[in-house]
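The values are calculated or read from the model by the stated rules, or taken from the named source; none is laboratory data. For clarity, every value in this text was computed on a predicted model and none was experimentally measured. Here the Cβ positions follow ideal geometry from the backbone for every residue, glycine too, while neighbour counts run over all protein chains shown. The protein model used for the area step is the full one, side chains on, heavy atoms only, and it has no ligands, DNA or RNA in it. Shrake-Rupley method; radii C 1.70, N 1.55, O 1.52, S 1.80 Å.
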Amino acid sequence: MLAFCPSCGNLLMMERDVPNNKFSCRACPYVYYIEQKITFRVFPRLKEVDHIVGGAESWENVDSTDAVCPKCSYHRAYFTQMQTRSADEPMTIFYKCCQPTCGHTWRD
C-alpha cells in the first residue's frame, strides 16, 4: 500500500516503533499513526494464453499432405508454415492429423 503526505505530497515511509507503527513523511513533520491492522490481497487476473498457431480458425483453409501422424499413424495431415525463429533460419511446419477422432498437432 502506498500512502502519500497530505501536506507536501511525498511518499510516506512506514516506521515500526515498539508501542505503535506509523507512517511518517521525510520532507515535513507529518505523522500518521496506524491504529488497526490493515491487510488486503489483490490477485492479478491472468492473461488468456493464445494458441501458438492461432487456434481452430487457422486450420480452416489449409492444404493437406502425405504425412504420418505420430499418435494414430494416419497417413494424411493438414499443414501450415510459420516463421518462428529469425529470418535466416527455415520456417517451422505445423501439422494437424486429418483423422477427425485424432486431431493431433505436431511440428517439423
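Averaging the sequence gap over all C-alpha pairs within less than 8 Å and six or more residues apart, then dividing by the number of residues, gives the chain a relative contact order of 13 percent. Round to a whole number: what % of the accessible area of the chain belongs to carbon and sulfur, probe 1.4 Å? Exposed carbon and sulfur together represent 50 percent of the surface.
Candidates Leu2, Ser64, Cys28 compared by Cα position along the dipole of the chain: farthest toward the positive end lies Cys28, with charges placed on Cβ. Working from label points 7 Å from Cα in the Cα-to-Cβ sense, the Asn10 to Val62 distance is 6.1 nm.
Computed from point charges on the beta carbon alone (+1 for Lys and Arg, -1 for Asp and Glu), the dipole magnitude for the chain about its Cα centre is near 600 Debye. Taking all protein chains into account, the per residue accessible area for the chain stands at 85 Å² (1.4 Å probe).
In the chain, the DSSP beta bridges split such that about 100 percent are antiparallel, to the nearest 5. In terms of the Cα gyration tensor, with a ≥ b ≥ c the square roots of its eigenvalues, is the chain rounded because a/c is under 1.5, prolate because a/b exceeds b/c, or oblate? Prolate is the answer for the chain, as a/c is 1.5 or above and a/b outweighs b/c.
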